[in-house]
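Right, one structure below, let's go through it.
The values are calculated or read from the model by the stated rules, or taken from the named source; none is laboratory data. On a predicted model such as this, the values are computed, not experimentally measured, just so you know. Don't worry about glycine lacking a Cβ; one is built from the backbone with ideal geometry, like all the others, and counts go over all protein chains shown. Surface accessibility is based on the protein's heavy atoms, side chains included, excluding ligands, DNA and RNA. Shrake-Rupley method; radii C 1.70, N 1.55, O 1.52, S 1.80 Å.
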Amino acid sequence: MDWQGQKLAEQIMQIMLLGFAMIAFVAGYVLGSFQMMILLYAGGVTLTTLITVPNWRFFNRHPLNWLDPSEAEKYPKPQVAVSSKKKAIKK
Amino acid sequence: MHSFGYRLNVLLTFAVTILALMCAMASLSDNLNTPSPSAEIQIMNINWFQKQPQGNDEVSLTMNISADLQSLFTWNTKQVFIFVAAEYETPKNSLNQVSLWDAIIPAKEHAKFWIHTSNKYRFVDQGNNLRGKEFNLTLHWHVMPKTGKMFANKIVMTGYSLPEEYR
């Protein structure tokens, strides 16, 4: 996913979960059935999982431009500096 | 939200947190219920009334218990546990409570009932104080929820008494 996609996924997830929770609670209370509340909520959680968790295409509409590997080869990778420190400690 | 596992974790933890909130709200909604239960107990017969070898009085009685406890049930009620206790005073104890009978009511449909029964549990005194004793019969109930707080209350019925002599 790209950055926009991640934000979208988070928003959809929060709104859908809270929305289904409210619908499920009201439905359960009005119908007088605790079971109905749990079933509706479980259905809502499953639907939300299917929509927001997998890496769907519409979450990647603004893809990031990663540097091409052939471009990266042209420039030297930075070295870790070790030798100068060893000489200073020995004295 | 950068990986599948991360999104799944966020979703599951948020979903479970919301579920906990829903259960709390369901339990709070029980406070909106104003129950109006009623009950009546008649003692049909004193089957026998004797002093046991250990020196304690014991009595066996047959009761007719009728009650309407339908208003106790809410959408968040799993079952209602009820029991009948005999309460009386003795020189040794300021309050004696002896449980005589109990039952579990699993659904609202079964909450309006009557039952003709002898005492399920033995009515034994700590001593021999029961002759001519006046006692109360209380019907206690515990409304056990599907989630959250349990409510308990009782109805006290007065005016019962045991015979003056053993039989």
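For chain A, the pair-distance distribution built from all alpha carbon pairs, in bins 5 Å wide starting at 0, is 2, 12, 12, 10, 9, 8, 7, 7, 6, 5, 6, 5, 4, 3, 2, 1, 0 percent. Between the beta carbons of B:Ser161 and A:Ala42, assuming R0 = 45 Å, the FRET efficiency works out to 0.20 to the nearest 0.05. Rank A:Pro76, A:Pro63, A:Pro54 by mean-square fluctuation in a GNM of chain A with C-alpha springs under 10 angstrom and give only the top-ranked residue. Answer for the Gaussian network model of chain A: A:Pro76. Evaluating kT/(6 pi eta Rh) at 10 °C and 1.306 mPa s, with the Kirkwood radius of chain B over Cα pairs in the Stokes-Einstein relation, gives 84 µm² s⁻¹. On the basis of the beta-carbon distance and an R0 of 41 Å, B:Gln79 and A:His62 show a calculated FRET efficiency of 0.15. Here the contact order of chain A, divided by its residue count and restricted to Cα pairs under 8 Å and six or more residues apart, works out to 40 percent. Taking the longest Cα principal axis of chain B as reference, the axis of helix B:4-29 is set at about 40 degrees.
Past the 32 Å Cα-Cα mark, which pairs from B:Lys51/B:Lys78; B:Lys133/B:Lys154; A:Lys7/B:Lys78; B:Lys112/B:Lys149? Long pairs (Cα-Cα over 32 Å): B:Lys51/B:Lys78; A:Lys7/B:Lys78. Largest GNM mean-square fluctuation among A:Gln11, A:Gln79, A:Gln35, using chain A with Cα springs under 10 Å: A:Gln79.
To the nearest 20 debye, what is the magnitude of the charge dipole of the protein assembly as shown about its Cα centre, counting +1 on the Cβ of each Lys and Arg and -1 on the Cβ of each Asp and Glu? Intermediate results must be reported in sequence, preceding the final value.
Details: 24 positive and 18 negative charges, 420 e Å.
Computed charge dipole of the protein assembly as shown: roughly 2020 debye.
Contact order, relative form, for chain B: 24 percent (alpha carbon pairs under 8 Å, 6 or more residues apart, mean separation divided by residue count). Expressed in Å, the radius of gyration and Dmax of the Cα atoms of the protein assembly as shown are 34.3, 113. Within the assembled protein chains, the solvent-accessible surface assigned to B:Leu69 is about 0 Å², based on a 1.4 Å probe.
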